[in-house]
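Enquirer: Pasting a structure here, questions to come.
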Amino acid sequence: MYVFVGGPMRTIARFTRTRITGINNDPYQVATAKELNQGLSFMKRCQVIQADFMKIPFPSNTFDVVYQLEASVHAPDKQAFFEGVFKVLKPGAIYGGYEWVMTDKFDENDPEHLEIKRGVEKSNGVPNIEKVQDILQYLRNAGFEIIEHFDVATEKEESDFPWYYRLELPYYPLRRFILDKYLRFSEYLGVTRVGTHSTWNLMQLTITSMRRSGELGIFTPMYYVKVRKPEN
């Protein structure tokens with residue numbers, strides 16, 4: 001089962017004989033996924049359904065594997081999410097995922113750290129980004145056995161770029177200033193839709209908060225976890 005919609009589902013289907021069920025609660029994204037899947041022979045082994053991943057609509061012990069990529073961060077109750085995943089997995093089956101987490105370098109008593117965390121959450125529509133140990137404890141509470149977990153971002157070669165490197169490209173303050181004024185004025189004149197300027201501001205918050213969180217090492221969008229549902 002794949003808890004989202006996108007390229008990874010198609011990639012896995014292309015290179016394996018795996019049957020994949022993807023779930024997404026947004027009708028537009030579900031329709032888009034189905035459209036992208038059309039005409040691909042290996043997509044016959046895939047299905048995409050509209051559903052809430054907090055209430056996975058399948059019986060207990062259904063799936064051999066469950067995985068998600070940067071989706072669980074949007075769960076309003078991560079403990080309940082992992083319990084739902086545990087329920088639909090067969091005994092001995094595996095759950096793997098990419099989690100957004102605050103690292104051990106995050107200091108909740110540091111005003112700058114808190115401001116950055118809130119910026120990442122607000123600009124990405126995330127209710128709350130948990131610490132690494134909190135995620136691992138939720139998994140244990142749900143009944144999982146931890147197999148391995150690590151930050152993929154820190155497992156890179158020396159020549160690799162950091163995950164946030166594209167956000168470090170020259171910022172061109174003058175261009176940003178001009179575009180900001182243009183969007184504000186064009187929205188006022190009705191040339192662009194209402195909300196365009198506020199969306200632009202939100203994008204700037206995304207850039208600055210994500211980049212700074214990476215520079216300080218207090219956040220990673222690439223924390224890998226692999227756990228197992230016990231046989232008994």
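The values are calculated or read from the model by the stated rules, or taken from the named source; none is laboratory data. Here the structure is a predicted model, which means the values were calculated and not measured. Neighbour counts run over all protein chains shown; Cβ positions are idealised from the backbone, glycine included. Just so you know, the surface numbers come from the protein's heavy atoms only, side chains and all, with ligands and any DNA or RNA stripped out. Shrake-Rupley method; radii C 1.70, N 1.55, O 1.52, S 1.80 Å.
Enquirer: Any residue at all in segment 54-64 that is free of Cβ contacts under 8 Å to residues at least 60 places away in the same chain, of a type in the set (Gly, Ala, Ser) and on the phi > 0 side of the Ramachandran plot?
Expert: No: zero hits.
Enquirer: Going by what's in this entry, would Ser186 be described as open to solvent by less than 20 Å² (accessible area, probe 1.4 Å) and small (Gly, Ala, Ser)?
Expert: Judged against the criteria, Ser186 is a match.
Enquirer: Please verify whether segment 133-154 includes one or more residues that are of a type in the set (Val, Ile, Thr), open to solvent by 20 Å² or more (accessible area, probe 1.4 Å) and over 26 Å from Thr11 (Cα atoms).
Expert: Looking only at segment 133-154, we keep the residues that are of a type in the set (Val, Ile, Thr), and these are 135, 146-147, 152, 154.
When the remaining residues are screened for being open to solvent by 20 Å² or more (accessible area, probe 1.4 Å), the result is 146-147, 152, 154.
After this cut, where a residue has to be over 26 Å from Thr11 (Cα atoms) as well, the list is 146.
Scanning segment 133-154 turns up at least one residue that is of a type in the set (Val, Ile, Thr), open to solvent by 20 Å² or more (accessible area, probe 1.4 Å) and over 26 Å from Thr11 (Cα atoms).
Enquirer: For segment 29-48, what are the residues that are loosely packed, with under 14 Cβ neighbours inside 10 Å and outside any helix (DSSP H, G or I)?
Expert: Gln38, Gly39, Leu40
Enquirer: Across segment 207-232, what is the number of residues that are more than 13 Å from Asn124 (Cβ to Cβ) and part of a strand (DSSP E or B)?
Expert: Total satisfying the criteria: 8.
Enquirer: Given (1) free of Cβ contacts under 8 Å to residues at least 12 places away in the same chain; (2) open to solvent by less than 20 Å² (accessible area, probe 1.4 Å); (3) among the aliphatic types (A, V, I, L, M), where does Leu114 come up short, assuming only one miss?
Expert: (2)
Enquirer: When only residues in segment 172-183 that are farther than 20 Å from Lys122 by Cβ and within 31 Å of the chain's Cα centre (by Cα) count, which is surrounded by the fewest Cβ atoms within 10 Å (Cβ to Cβ)?
Expert: Going through the qualifying residues, I end up with Pro173.
Enquirer: How many residues are open to solvent by less than 50 Å² (accessible area, probe 1.4 Å), in a helix (DSSP H, G or I) and under 19 Å from Glu70 (Cβ atoms) if we restrict to segment 3-28?
Expert: Counting residues in segment 3-28 that are open to solvent by less than 50 Å² (accessible area, probe 1.4 Å), in a helix (DSSP H, G or I) and under 19 Å from Glu70 (Cβ atoms) gives 4.
Enquirer: Same structure, new question: Do any helices (runs of 4 or more DSSP H) entirely within segment 104-206 hold 1 or more residues that are closer than 30 Å to Val227 by Cα, and if so, which?
Expert: Helices (runs of 4 or more DSSP H) meeting the threshold: 111-124, 132-142.
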